[in-house]
1. Does at least one position in segment 59-67 carry a residue that is aromatic (Phe, Trp, Tyr) and within 14 Å of the chain's Cα centre (by Cα)?
2. Could you grab the pairs with beta carbons closer than 9 Å, sequence gap of 6+ or different chains, first residue in segment 101-123 and part of a loop (DSSP other than H, G, I, E, B), second one acidic (Asp, Glu)?
3. Name the residues in segment 1-39 that are farther than 30 Å from residue 70 by Cα and buried (at least 17 other Cβ atoms within 10 Å of the Cβ), would you?
4. Could you run through segment 129-157 and say how many residues are of a type in the set (A, V, I, L, M) and under 21 Å from residue 107 (Cβ atoms)?
5. Looking at the structure I just gave you, is residue 46 out of contact with any Gly (no Cβ under 7 Å at 6 or more places or on another chain) and more than 30 Å from residue 5 (Cα to Cα)?
6. For segment 54-80, name all the residues that are surrounded by fewer than 19 Cβ atoms within 10 Å (Cβ to Cβ) and within 19 Å of residue 152 (Cα to Cα).
7. Hey, among the residues in segment 81-107 that are aromatic (Phe, Trp, Tyr) and more than 17 Å from residue 134 (Cα to Cα), which one's surrounded by the most Cβ atoms within 10 Å (Cβ to Cβ)?
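Computed from the coordinates by the stated procedures, all read-outs in this text should not be read as laboratory data. Just so it is clear, the structure is predicted and the values come from calculations on it, not from any experiment. No Cβ is skipped: glycine too gets one built from the backbone with ideal geometry, and neighbour counts run over all protein chains shown.
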Amino acid sequence: MAGHSVMNELILMAHVSFGVGCLIATVWVLVETLNASAANRRRIQLVSRAAALCMWAAFVIGGYWYVTVYPADKAVILKGPWPFAHKFFMETKEHLVILLLLLATYLPIAAAADLAANPAARRVVLWVAGLTVLLALVTEGDGGIIALGVKVGLLTR
């Protein structure tokens, strides 16, 4: 990628890793919530907090990346054969990530309820976790296409 140092690559890897951490933690919450009981209540609460923390870390690191490194990548993408990697996929990711951040932040709030005794609260957590998983998968895919947009842009110079 354009002008990348080892540190920039580590920052990008941290961004992706925290995003995947949010995804894994949220799937965990989803499965635990399907089997909500007094025995797993604390675990649901802790893992939902981990999902939110991972999402916030991915967001902050990704924001740093976007401001400091991405402008060079964006130029490569827009001059290359895959301008849609920025024009559609990065633009989509920029907007969806806000919804993802809100959902992941709300997840531990919703999971604070007694999910075993409260079916309505359990449904809310299942919906929030399900939507978070879906959006996390979409944004991870967007990131992959953006990275390929840079790669094909560099290969066709």
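1. yes
2. Matching pairs, first to second residue: 115/32.
3. 28, 29, 30, 32, 33, 36
4. Residues flagged as of a type in the set (A, V, I, L, M) and under 21 Å from residue 107 (Cβ atoms) within segment 129-157 amount to 8.
5. yes
6. 71, 72, 75, 78, 79
7. The selected residue is 82.
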